[in-house]
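Here's the structure we're looking at; comments come further down.
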Amino acid sequence: MKSKSFVIAAGFIGLLGSNLSMATEEYQFLTGVTISGLLQVEARFNDGYGGKDASDFAIDELNIGIEAKVHKFAKAKISLLYEQDVTDLEIDEAFLTLGKEGSPIFLTVGQQYVAFGNFETHMISDSLTLEIGEARETALQANVEYDGFYGSIFAFNGDTQENPIGGTGENKIDHYGLNIGLAAETKTFGYDVGLSYINDIGDSDGVTGALGGETVAAALPDYQYVNALGTHVLLNMGQFSFIGEYIGALGSFNVGHLNFNNQGAVLQAWNTELGYSLNMFGKKASLALGYQGTKEALALGLPKNRYLVGLSMGIYDNTTVSFEYAHEQDYNIDETANGAAGTGNEQDRLTLQLALEF
């Protein structure tokens, strides 16, 4: 991935060098292109639910973003993502934004993360709400942002298909959702409160995987969409910050598709965090405590409870070192889901991360 970024940079430099006499509009196009990136490298230590220690160094995330502003009403964004042992190098997002810069109303169309859930966190690891609710889709999304108010409506053809009893599903655009919220910030206080909805939580990335993946999820017999709601509250008060989020299904899955204790699972997840900003050795730092949990999410391989401590400090410009300790409790041994059972055990995870943005 590093070599690819060098190739991209070299290509632009060579193009500029060999075309100094290019037309003005072509030069303006090139100056409208920006390249950004994020590299996160981690050292991980884990004792596991079974008590077996494991440790490793890993590239947690490598992300290269390219944004092109080709017109005052149009721009494009492409981002590449690599996560060691999780995600091969792939196109993470590729979408167009239509609307004048600064306009309160604009459209995004293409592969993107739809506006369901917030998933803000002080921690290194993804929140359990993200594990249940995040959905990357090729979608059309209409957005509005005005005087602190924001909202979105989106639609897409998802991986799951509603298959009525005795019938077959139709491959069409029938997944949709929305979100609304209000945000404001002053020098001493800020807030962001929001509510979101999606008509099938089964189409989120994590839940689709538990259903058997995209191909299997599209052909599940008697599959019915499961509506879900998300809500969040973010507060900043001086040096203190608070994050609260809840994602929950409004109904149960078919017991043959996703179950918990021999009944259709009703998925839920929550995240609460308290952060404090401070100075350490003359550098800006933040300390955070968190509690997260899930309900009836054993089939997704998620813990029942998670307690976290996080510390992050900037050491150079755009360079951050972070520490996270997590204590997780598995589901009980008498709790079952999709043929698996909880262990009733606990595990501890320690993560050290060095991150650089450019």
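The values are calculated or read from the model by the stated rules, or taken from the named source; none is laboratory data. Keep in mind it's a predicted model, so treat the numbers as computed, not measured. Every residue, glycine among them, receives a Cβ derived from its backbone with ideal geometry; neighbour counts consider all protein chains shown.
All of K100, K172, K75 fail the test of being in contact with a Lys or Arg (Cβ under 7 Å, 6 or more places away or on another chain), surrounded by fewer than 18 Cβ atoms within 10 Å (Cβ to Cβ) and either over 27 Å from Y246 (Cα atoms) or of a type in the set (D, E) (or both), apart from K100. Of all the listed residues (I66, I35), the sole one being touching a strand residue (DSSP E or B) at 6+ places or on another chain (Cβ under 6 Å), farther than 30 Å from Y331 by Cα and crowded, with 16+ Cβ neighbours inside 10 Å is I66.
In the condition set (1) free of Cβ contacts under 8 Å to residues at least 40 places away in the same chain; (2) closer than 24 Å to A265 by Cα; (3) in contact with a Leu (Cβ under 7 Å, 6 or more places away or on another chain), L98 is compliant with all but (2). With respect to S204, determine if the residue is hydroxyl-bearing (S, T, Y) and closer than 16 Å to A265 by Cα. Spelling it out, S204 is indeed hydroxyl-bearing (S, T, Y) and closer than 16 Å to A265 by Cα. Evaluate the following for G290: is it small (G, A, S) and in contact with a strand residue (DSSP E or B) (Cβ under 8 Å, 6 or more places away or on another chain)? In short, yes. Annotation note: of Y291, Y246, the sole residue that is of a type in the set (F, W, Y), surrounded by fewer than 19 Cβ atoms within 10 Å (Cβ to Cβ) and under 26 Å from Q224 (Cβ atoms) is Y246.
If you go through the range 138-165 and keep only what is surrounded by fewer than 18 Cβ atoms within 10 Å (Cβ to Cβ), farther than 27 Å from D192 by Cα and among the polar types (S, T, N, Q), you end up with just N157.
For G65, indicate whether it is assigned to a strand (DSSP E or B) and touching a helix residue (DSSP H, G or I) at 6+ places or on another chain (Cβ under 7 Å). So G65 fails the test.
Among the strands (runs of 3 or more DSSP E) lying completely within the range 263-358, list those that include at least 2 residues that are free of Cβ contacts under 8 Å to residues at least 60 places away in the same chain.
268-280, 283-295, 305-316, 319-329
Among the conditions (1) surrounded by fewer than 18 Cβ atoms within 10 Å (Cβ to Cβ); (2) aromatic (F, W, Y); (3) more than 25 Å from Y146 (Cα to Cα), F253 misses just one, which is (1). Being under 23 Å from E90 (Cα atoms) and of a type outside the set (A, V, I, L, M) is the filter here, so list the residues in the range 57-71 that pass it. Once the filter is applied, which keeps residues that are under 23 Å from E90 (Cα atoms) and of a type outside the set (A, V, I, L, M), the range 57-71 yields F57, D60, E61, N63, G65, E67, K69.
Filtered by the rule that a residue be in a loop (DSSP other than H, G, I, E, B) and not basic (K, R), the range 178-199 gives T186, T188, N199.
Across the range 189-205, the number of residues qualifying as in contact (Cβ under 8 Å) with a residue 60 or more places away in the chain and crowded, with 22+ Cβ neighbours inside 10 Å comes to 5. Take the conditions (1) under 19 Å from the mean Cα position of the chain (by Cα); (2) closer than 30 Å to E185 by Cα; (3) in contact (Cβ under 8 Å) with a residue 40 or more places away in the chain; S241 misses just one of them, which is (1). Taking the conditions exactly as written (under 24 Å from A217 (Cβ atoms) and among the charged types (D, E, K, R)), does E90 satisfy them or not? Answer is yes for this residue. Please specify each residue of the range 128-187 satisfying the condition of being at pLDDT 95 or above, polar (S, T, N, Q) and farther than 30 Å from N305 by Cβ. T138, Q141, N143, S152, N157, listed by residue number.
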